[in-house]
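Below is one structure, written out as structure tokens; the observations come after it.
The values are calculated or read from the model by the stated rules, or taken from the named source; none is laboratory data. Since we're looking at a predicted model, the values are computed, not measured. All Cβ positions, even for glycine, are placed from backbone atoms using ideal geometry, and neighbour counts span all protein chains on display. Surface accessibility is based on the protein's heavy atoms, side chains included, excluding ligands, DNA and RNA. Shrake-Rupley method; radii C 1.70, N 1.55, O 1.52, S 1.80 Å.
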Amino acid sequence: MGNVLIIAEHKDGVLKKASLAAFTFAKDFAAKTSGEFHILVIGHDVAAVADQACCYGAAKVHLADNQGLGAYLAESHAAVAAKVAKDISAEVVGATSTAMSKDLLPRLAAKLEAGMASDILGVNDAGHFLRPVWAGNAVVAVEITTAIKVLSIRGTEFEPAVKGDAAGDKVDVEVVVDFDGLQKRFLKFEEVKSERPELTEAAAIVSGGRGTKGEEGFKLVEGLADLLGAAVGATRAAVDAGWVPNDLQVGQTGKVVAPDLYMAIGISGAIQHLAGMKSSKTIVAINKDEEAPIFTVADYGLVADLFKAVPELVEEIKKAKA
Ligand SMILES: Cc1cc2nc3c(=O)[nH]c(=O)nc-3n(C[C@H](O)[C@H](O)[C@H](O)COP(=O)(O)OP(=O)(O)OC[C@H]3O[C@@H](n4cnc5c(N)ncnc54)[C@H](O)[C@@H]3O)c2cc1C
């Protein structure tokens, strides 16, 4: 019996959309292995998040609510998740691959003495986990031989789960963490506040690259994004040049995204960038070089100077909206 435990992510009392991909994976995996799918919510004052996690097909939603868990720390959250994993005899413990789960899951795997596969794309008929290597240019099948397996699940590969199943039982978790004995203390969280949607949650993203030639040119990308209500993304070249903060980087060493619309402006389409956006549903590229590799993945390509094309596009969108 393959019970699956998914750690749900949340922010400001709201379940993160990113977790819905892991729910889909877990529901399918549990169905195939005749197990149960469970959800774990960890935090302080997060009963509302547990309520939001109902009806996605989980047999149980476990709620670990404790003042000491109010601020995320890998040590305390891993201790709670390890206990619940053991209590429910989980075969698989995981979460959608995000900045938080990249921090949490390796520690959890070590605690459980479990093998781990990161960024998995699916499971083959032999029960091996598929994961990308070489910037997504090859996929390997990984066999994990430990009784418990820890997985991070690539969010762009699984449709977000939809509500419609039974609520599942809500279970309070007894939190037995020695908070005073933790080797780290949470001091403060400096959040970058933005009116724009979060990159990994956005339905549309407008990204800019070195072709924008600088902070001033990059403002064209931002203006187009704001007009479309889209998130702003960037290549590593734009980030390394200091034109935009590094949390906007899309790609192998940045964020992996798959929005409905991805607009690549002045971006060549290096494999490391494609690794982070090629699963987007519709890709639009504007580049003055018709040989640019971005056009090999683009659904719509415009060979043009972005400094002319983007202002024209903005004008046309404004007219259409008027
Ligand atoms: C280990 C490793 C990890 C990496 N991780 C990432 C990653 O996560 N994300 C990432 O993005 N990169 C990553 N890179 C870097 C990657 O290899 C590329 O260098 C980078 O993506 C290039 O960014 P770019 O497309 O903005 O710049 P360039 O490759 O320089 O392309 C700029 C493009 O703009 C076009 N252009 C110029 N002027 C105009 C104009 N006026 N109008 C229209 N088009 C114009 C040019 O034709 C060109 O195609 C990584 C590299 C390594 C080695």
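Structure notes:
- Highest mobility in the GNM of the chain, judged by mean-square fluctuation with C-alpha springs under 10 Å and restricted to Ala258, Ala110, Ala204, is found for Ala110.
- Estimated inter-spin distance, Asp169 and Glu316, nm [label 7 Å along Cα→Cβ]: 5.9 nm
- Rounded to 10°, Cα long-axis angle of helix 74-87 versus longest principal axis of the chain: 50 degrees
- When the residues Tyr56, Tyr300, Tyr262, Tyr72 are ordered by accessible surface, computed with a 1.4 Å probe over the protein chains alone, the sequence from largest down reads Tyr300, Tyr72, Tyr56, Tyr262.
- Principal-axis tilt of helix 19-32 within the chain, Cα atoms, nearest 10 degrees: 50 degrees
- Listed residues Arg185, Arg210, Arg154, most fluctuating in the chain (Gaussian network, C-alpha, under 10 Å): Arg185
- With respect to the chain, whose longest principal axis is taken over its alpha-carbon atoms, helix 99-112 is tilted by about 30°.
- By the Cα gyration tensor, segment 3-181 has an equivalent ellipsoid whose semi-axes, rounded to whole angstrom, run 24, 18, 15 from largest to smallest.
- Over the chain, relative contact order from alpha-carbon pairs under 8 Å, at least 6 apart, %: 14 percent
- Across the options Phe307, Leu187, Ala99, the greatest Cα extent toward the positive end of the charge dipole of the chain (unit charges at beta carbon of Lys, Arg, Asp, Glu) belongs to Phe307.
- On the principal axes of its alpha-carbon atoms, the chain has extents of 61, 44, 39 Å, going from largest to smallest.
- Placing a label point 7 Å from the Cα of Thr33 along the Cα-to-Cβ direction, the residues of segment 141-179 with a backbone N closer than 16 Å are 142-154.
- Relative to the compact-globule estimate of 2.2 N^0.38 Å, the Cα radius of gyration of segment 204-321 comes out at 0.94.
- When all protein chains stay in place and ligands, DNA and RNA are ignored, the 1.4 Å accessible-area order of Trp134, Trp243, largest first, is Trp134, Trp243.
- Point-charge dipole on Cβ atoms (K/R +1, D/E -1) for segment 204-321, about Cα centre, debye to 20: 180 debye
- Net charge dipole, the chain: roughly 240 debye, given to the nearest 20, about the Cα centre with Cβ charges of +1 for Lys and Arg and -1 for Asp and Glu.
- Diffusion coefficient (Stokes-Einstein, Kirkwood radius over C-alpha pairs, 10 °C, 1.306 mPa s) for segment 157-233: 91 µm²/s, rounded to a whole number.
- P(r), alpha carbons of segment 83-166 - 10 Å bins starting at zero, rounded %: 17, 46, 32, 5, 0
- Estimated FRET transfer efficiency (Val303, Asp180; beta-carbon r; R0 56 Å; 0.05): 0.35
- Computed [θ] at 222 nm, deg cm²/dmol, the chain (DSSP H ≥ 4; -39,500 (n - 2.57); rounded to nearest 500): -8000 deg cm²/dmol
- Protein accessible area in the chain, 1.4 Å probe - carbon and sulfur %: 51 percent
- Using the 1.4 Å probe convention, the accessible area of the chain works out to 49 Å² per residue with neighbouring protein chains retained.
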